[in-house]
Structure formats: C-alpha cells, structure tokens
1. Mean shadow of region 244-351, computed from the convex hull of its alpha carbons, in nm²?
2. Translational diffusion coefficient, Stokes-Einstein: compute it for region 149-243 using the Kirkwood radius over C-alpha pairs as Rh, at 10 °C and 1.306 mPa s, and state it as an integer in µm² s⁻¹.
3. What is the fewest-to-most order of 308, 315, 237 by other Cβ atoms lying within 10 Å of their Cβ?
4. What value in Å³ per residue do you get for the convex hull of the alpha-carbon atoms in region 78-126?
5. Tell me, how many Å apart are the Cα centres for region 3-62 and for region 80-151?
6. When 306, 21 are ordered from fewest to most other Cβ atoms inside 10 Å of their Cβ, what list results?
7. Report the Rg/Rh value for region 157-310, based on alpha-carbon coordinates and the Kirkwood definition of Rh.
8. Which residue, 314, 135, 262, has the most motion in a Gaussian network model of the chain that connects Cα atoms within less than 10 Å?
C-alpha cells in the first residue's frame, strides 16, 4: 500500500464534509487561501445551478498543519455545508424520519442500483453520498497535494476543450448550454489536465497496479459522471499508423539531454513518466438530473413515473476539470512519495 492516501466522509446536505489525508511529508508550506481559490473555482462555470448561490466553500484545517506547515501527521480538512440549516430535520442523525421519501429514481444516477445494493427504501440514503458535492473534499485534498508538488517543481493546470460537441469556442459553448437549460436538459463535455515538471520514472512497469497511467485513469474515472479517459493521443491512436503515434527520441550533445519533438504518449510510456508533460483528457456525461425528467419507476408502487428533480446544474464540465486537477495532483504526489520516499520535504528533495 502506498504511504499517501486519503478518505472523505459526509453527505451533500449534512452538516459538513470531511477528508483525512495521510502521508504528506513534513515541511510543506500550506496556504489556506490557495485551497479556497480552488474550492471557489469548483463552484464556478457557466451552467451551474442554484446550490452554488447558497454554498461559499472555505476549508478548515483541524490537524496535521502547524503554523502553516505540515508536520507529518494526518491532515484533517473540513468544509461546512451552509445549506444544512434547511435540512436538519430531513437529515437528522437520530429521531423519527421526516420529509418525503425519494422513490422516483433517476436514470443514469446511482439511485436505483444503490437502493437495491444497500436495501434502502428511500433513494435519499444513496443520492446524498453519491452526489458530486463529495468532490469538494477531493479539491481540498488536491490543494494540499499541489502545495507539495509545487515545492518539487511540479505544476498542474486544466482547461475545458469540448461541451456538447462544441470545441474550443466559449461563446458557442455558452449558447449550447443556454439551449439545454431552456429545454430542461443537461450537457457534458471533455476537459484536459496537464502536469509539467514531472521527473522521469514515476510509476512502474513491474506490476499492473503500479502503472502510473493506470492510476491516473482510475482516479479520473472515480469522479462522478466521468465515462472515458485518454492519455496523450488516446483514442486517436486507433486511427493512425505506429509511425504517426510513437514519439521519436533524440539526443542533444550540448545539453547532454535526451528529448522528444512530439508528445503523443502524453508523458507516460510503459506505465512510467518519461519526463514530458503528462496530458490527460476525460469525458463527462450530461448530469442525470433533468428539469424535464426522463421516464422511470416509483420504487414503492412500481408504476411508471417521471424521475425526481433535485436542485442541479445544466453543465458542470468546468467544475469537473478542477476536480480532475485535484485527483491528478493526488496521484502524482502519491507517486512522488513512493518513488523518492522520506518523511520530510527535505528528504524527498535530496532523493
């Protein structure tokens, strides 16, 4: 098991969301405002819904950091849910159930499968945790990992490259989102994450579960609504000859460096980082909560109904890109700790 790991807890309309991050080396400078900026970015984007007007996420760090610096112990991160005040009766930990059950399950959501798997009669028991609200804590965790990576000379950025079939045209994307909102529909898209400054040799070809690209793909696929991941040229490789895919290798005698003129591999070869930028793209499906609901069944009556409507977004690809940054940051930070070891930032830098 890797030394670096994290876990999140909390429901969408519960009192708070919590994450515990273990394994970050001691000596990393943490800037709360920088983490809060990422939390703010996660709440932005054209097509977001009413929940973003209620919540204004700020992180509280309650362990593992002293005087702005990590001390090697587990880091506990908390984000309060402001909307909790409106949900205290319906989401109470103890007492008699209050509020209507959610029984008109949504196609494309965790509702139905979760109800069957966990033997619940109210889909709220499932949707509260399966909600993308959980990604708030992934962004907070990613913020700490980014601080560690920045100290090692590694940076991570993201951008939206496609929404509803529209590529690299922000105004046309906005128009497409407006069209979907008018129809009570939703839209997905594609975002890209780029990692710069990665050293050679993160990950390993030795075992399937040590491959860096496999870990990155898993991390991206773990984000709610992500249905596809590619690294580098990705799926386009299926349309090309090998001579058009593989990056030729050159040597510069003056700098004594090996280099490539292209990066179709996306920075990973044989499950290991090759020193080039790591480039990952992920496909986000349209959100399954539609204001013009799809046909479904009622869990109690088994009769045909229209799916339930929770407060939701029309499009959240821009927010998903921020979550993609965070998950990428965690995987790269984990690989750095595995590769270079050490319990302090000084040890890792020396390695």
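We did not get these values from a lab; they are worked out from the coordinates using the rules stated. The model shown is predicted, which means the values in this text are computed figures rather than measured ones. Virtual Cβ from ideal backbone geometry, glycine too; neighbours counted across all protein chains shown.
1. Seen from a random direction, the Cα hull of region 244-351 projects 13.4 nm² on average.
2. In µm²/s, the coefficient rounds to 98.
3. 237, 308, 315
4. Details: hull volume 6.0 nm³, N = 49.
Measuring per residue, one finds 123 Å³ for the Cα hull of region 78-126.
5. The two parts, judged by their Cα centres, are 15 Å apart.
6. 306, 21
7. On the way: Rg = 20.7 Å, Rh = 18.5 Å.
My calculation of the ratio gives 1.12.
8. Comparing 314, 135, 262 in the GNM, the peak value goes to 262.
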